[in-house]
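Remarks on the structure that follows.
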Amino acid sequence: MKAIIRSTILFVVTILIGLLSFNANIFAAPLQLTGNIDSMTIRHHKISIPEGASLLTVKVTEGRGDLDIFLKKGRTVTGNSVALLKEDSDVCSISDGWQEIVALNHSSKPVISTGDWYLSIVNLNDDPTLCILSVFIEPQPEVKRRLYFPYIYDAGKWQTEITLINVSDSETITGELLLYDQNGYNLAGTKKLSLAPNSRRKFTVRNDFPDPEKIRYMIFSSVENALQGYAKIIIDGNLRAALPAVYRINSGDLSITHIASTEDWATEISLLNTTSENREVTIKFNTGQSKIRSLKPGAYESFFIYQLFDKISQPQITSATILNASGILGSELFINSSLGIMEGLLLKDETTSEIFFPHITIEDGWSTGIVVYNPDDDSCDLTITPFDMNGASLSPTYKSIAGQQKYIGSVADMGFPANAAWVKVDSSKPVSGFELFLKINQMGGYSGVNISRQSGLLAQVGSPDVTGVAFINPDVIPVSLMLTAYDSDGGLIDTEKLTLSAHEKKVGVVNNFFSEAVEKATHIRFSSDHKVVGFQLNLTTDGEMLDGLEALSTAPGYDIAGDGIIELAAQALEQSDPVRFKSLLDQGSLQMVEAAGEQFEMSSQTGKSAASNLAEALRQARMTEQCSKFINYETEVDGQIYNFHVIFDANVNTWKLGGL
């Protein structure tokens, strides 16, 4: 019969985090105590859990006989029987085996929390029993956020500028700006940076970094995630393009929406392998031709399309898809040197069934072009609907795009009414697309895919450029929009509140949006009660260079929270660590995993294989839906499509994996 004859506190051990040299980067070695526990005796230990701990594991290995363990926060358990001790405890382990284990994490019941917890070990044997006690406290995993500038070239007539912007109102962001060459080697010249809330830092590569001609990409690494940025590529002082920095690593095929390879036009493609593995990608052109490129871990390469075909222009090639591109970042520049115009786009795996182009014009010598690419093998149908400034819809135009082909249209040739102010494209299949504005020696554009936002950033406004801005309300209900202008130090310049009726558009130079002059402003943040679509064009005051940028996200952490938690889960699976894997799950998924029991046993060969397959499926997942605290993904396993999600759990202030 399990009954306690006497209760004696033999000694108390206090585990202090400072004594374990515990910090956010190095896990403490397990504390291990060995000794005999007398017959029918309880031994109590106090465990102090510090802030930032994410996992407590207590393990008791028994020499012979039977030991039970009970854990309670704030005090020791009381009771004169196992049943009463169990009832009084917060968690216990009372198996008949040779080992007892209890673990606390952010999804356990109870959840891990800061403070003193009391462990009670009970010997119910007739003889003294050898007890080996191991206590392990693990910190909250630190996930480094990596903001990529995937295209840097600064040599000869080519120059590159990069800009970093802290989009937090309250958090100072510290980190390192790392420099890499084309082979992925980390170059000398790392900058340790600290950006105050809402501040902005600009660097000219040739002036601010050593050996600028060797640098091919940069990464800003930080534990904070409220950072945005962009790069400007300039050729010979009269051609310029803008490329957003990148948090989210592609996990699917990349669309090259537009290629121009003629006597007058050249298209340059750049590829960056962010993975630790050799990657081989296939570029499948709209003509049916294919080219294979190989990239070592961390390697970067760039090439013009004609260089893939014995330096012969390929006017028949107008678009492409890059296959097997998970972990690859890409960009393209299309250049017409004789006209002195250039623009660039990121290559992404994102597509959408609706694209918004918030500004069109054919006045004062301007022309507007829209490009839509169908990466599917089958054809798709487009409905192109123009709207006037007040939001009234006008007569739509209908187009079809064959598989692996694109539609390119000039607004002047599309037959829109004279009062058409912006355009929405609905597609029967997911597509990619962008918009271009041209005037003599000026060209600027931006991506139209997934750029609707409730909060956003116009990353560069004002001197030395003239900045034009357009916003549209894509919804059928009115939107309240707040604009806030900041200087480079993060100082507030002015705020302005706007209201946009259903489908209404507002457009103008930056000063027109504010009641006070904002010449000293360097960037503008906006927030609204519903999603809006915005973009900007920047024109140098001499009229020589133009570039465009879509409004960037001011919640970039949400864009990569999913990638971070997925990577942690994949690592736990590959390392056969079920405790850490479970600590990353939301409550519903944790209950299902624990109910599955042996199905999540990772120690066997079969279990390791299954865990490895699940890790690969997680890493190959594609984001399909996103809001501020929920991101949905889909992945394919054995030909079947499965959905799962990453969700922010406010109770524990961290992201969790669910829906597996």
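None of the figures in this text is laboratory data; all of them are computed from the coordinates on show. Since the structure is predicted, the reported quantities are computational estimates derived from the model, not experimental observations. Quick reminder, even Gly has a Cβ in these numbers, built from the backbone with ideal geometry, and neighbours come from all protein chains shown.
Brief remarks on what is shown
- Using alpha-carbon coordinates, inclination of helix 605-619 to the longest axis of the chain, degrees: 30 degrees
- Across the chain, the mean sequence separation of Cα contacts (distance under 8 Å, 6 or more residues apart), normalised by length, yields a relative contact order of 10 percent.
- Cα principal axis extents for the range 450-503, largest first, Å: 37, 19, 18
- Taken along the Cα-to-beta-carbon direction at a fixed 7 Å, the label points for Ser276 and Lys608 span 1.7 nm.
- Net charge of Cβ neighbours under 13 Å - reference Gly184; Lys, Arg +1; Asp, Glu -1: +1
- Straightening the chain between Ser515 and Thr499 buys 4.3 nm, computed as 0.36 nm per residue apart minus the Cα-Cα spacing.
- Förster radius 30 Å - calculated FRET efficiency between Tyr398 and Glu224, Cβ distance, rounded to 0.05: 0.05
- For the range 101-135 versus the range 409-454, the gap between their alpha-carbon centres in whole angstrom: 63 Å
- Thr541-Met389 FRET efficiency (beta carbon distance; Förster radius 25 Å; 0.05 resolution): 0.40
- For the range 505-548, the Kirkwood estimate of hydrodynamic radius, built from reciprocal distances between every pair of different alpha carbons, is 12.6 Å.
- Stretching the chain fully between Ile440 and Asp208 yields a gain of 80.2 nm (0.36 nm per residue, less the alpha carbon separation).
- C-alpha long axis of helix 587-596 to longest principal axis of the chain, angle in °: 60 degrees
- Against the main long axis of the alpha-carbon atoms of the chain, helix 556-574 sits at an angle near 50°.
- Note on the chain: helix-only mean residue ellipticity at 222 nm, from DSSP H runs of 4+ residues weighted -39500 (n - 2.57) and normalised by residue number, equals -2500 deg cm²/dmol.
- Between Val476 and Ser379, full extension at 0.36 nm per residue minus the direct alpha carbon distance yields a gain of 32.0 nm.
- Modelled spin-label separation between Asp364 and Val637, with each label point placed 7 Å from Cα along the Cα-to-Cβ direction: 5.7 nm.
- FRET efficiency for Ser81 and Asp577, using Cβ-Cβ distance with R0 set to 41 Å, rounded to 0.05: 0.70
- With the largest listed first and rounded to whole Å, the semi-axes of the equivalent ellipsoid of the range 59-202 from the Cα gyration tensor are 56, 19, 10.
- Temperature 25 °C, viscosity 0.890 mPa s: under these conditions the Stokes-Einstein estimate for the range 351-450, based on its Kirkwood radius over C-alpha pairs, is 180 µm² per second.
- Separation in nanometres of the label points that stand 7 Å from Cα toward Cβ, at Gln99 and Glu263: 7.6 nm
- Ordering Tyr300, Phe203, Leu55 by the projection of their Cα atoms onto the charge dipole of the chain, which places +1 on the Cβ of Lys and Arg and -1 on the Cβ of Asp and Glu, puts Leu55 at the extreme positive end.
- Among the listed options (1) 13, 28, 20, 18, 15, 6, 0; (2) 17, 44, 26, 12, 2; (3) 16, 47, 31, 6, 0, the one matching P(r) over Cα pairs in 20 Å bins from 0, in percent as calculated from these coordinates is (2).
- Over all pairs of different C-alpha atoms, the range 209-331 has a mean inverse distance whose reciprocal, the Kirkwood radius, equals 16.0 Å.
- For a straight C-alpha distance cut-off of 12 angstrom, the aspartates and glutamates reachable from Lys505 (same-chain residues fewer than eight places away being disregarded) are Asp388, Asp475.
- The alpha carbons of the range 469-537 stretch over 37, 21, 19 Å along the principal axes, in descending order.
- If you wrap the range 141-247 in the convex hull of its Cα atoms and look at it from every side, the mean projected area works out to 6.9 nm².
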